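The structure appears right after this line, and notes come after that.
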Amino acid sequence: MSGLELFAAALGVIAVWLTVKQNPWCWPIGLVMVLLYTWIFFDIKLYSDMLLQVVYAVLQLYGWWQWTRRGDAVSGRNVTSLGVGPLLASLAVGAGVSVALGAAMAHFTDAAQPWLDAALTGFSLVAQVWMAQKRVQCWPLWILLDVIFVGLFLYKGLYVTAALYALFTLLAVQGWRDWRADPALAH
């Protein structure tokens, strides 16, 4: 455990809590967190997670834009639900990214846990895009991923980060509950 990991974890708690509350400040705070975790994951050879953090940095900017842009009659973006077709297509993209990244990490790097790390990365990208688009389905996917991340981080000795992801799991449960109750979903 390092001071950097503690600071990144604290920012992560704040960012996810703000996301649950649909506060757009979740995005710039999350941006700082993912930049710090880029270095942390590089240091412990979780290269897929390191690359995920780089993509998250871009997605943090996308999410911030999605949540704060002004439309004709609406301020920001409302919570919505994906249909079955787009949901399955997104999950298929996540699976494809997982397989391609896992193969690359297994054959070309000394990555720790290349296949699991790649699968978590592929599906985390799907969940992050859904979150940026305020799709209610992001939360159950995050719950599943966060539980698996806890195990991976315990295995790698990142105990503070494992605790962070356990807290993320609880926040994701709350986010799922809150977003499903959002009046925008009734329309």
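Just order 46-56, 142-152 by mean Cβ neighbour count inside 10 Å, highest at the front, would you?
Highest to lowest by the protection proxy: 46-56, 142-152.
Quick check for me: using +1 on Lys/Arg Cβ and -1 on Asp/Glu Cβ, what's the dipole size of the chain about its Cα centre, in debye to the nearest 20?
500 debye
Run the reach check for residue 45 against aspartates and glutamates, Cα to Cα strictly under 16 Å, same-chain hits fewer than 8 apart removed. What comes back?
5, 110, 117
Just how many % of Cα pairs in the range 120-187 lie over 15 Å apart, if you round to the nearest whole percent?
It works out to 53 percent of all Cα pairs.
Give the carbon-plus-sulfur fraction of the accessible surface of the chain in %, rounded to a whole number; probe 1.4 Å, heavy atoms of protein chains only. Numbers along the way, then the final one.
On the way: 6390 of 8990 Å².
It is 71 percent, rounded to a whole number.
Using modelled amide H (1.01 Å from N, peptide plane; none on Pro or chain starts), what sits under 5 Å from the amide H of residue 135, excluding residues fewer than 5 places away?
Sorted by chain and number, the residues that satisfy this are 80.
So what's the angle, to the nearest 10 degrees on a 0 to 90 scale, between helix 114-132 and the longest Cα principal axis of the chain?
Once rounded, the angle reads 20 degrees.
What fraction of the Cα pairs in the range 1-158, stated in percent, has a spacing above 20 angstrom?
Above the 20 Å cut-off, the range 1-158 has 50 percent of its Cα pairs.
The values are calculated or read from the model by the stated rules, or taken from the named source; none is laboratory data. Small disclaimer: the values here were computed from a predicted structure and weren't measured. Every residue, glycine among them, receives a Cβ derived from its backbone with ideal geometry; neighbour counts consider all protein chains shown. SASA here: full protein model, heavy atoms, side chains in, ligands and nucleic acids out. Shrake-Rupley method; radii C 1.70, N 1.55, O 1.52, S 1.80 Å.
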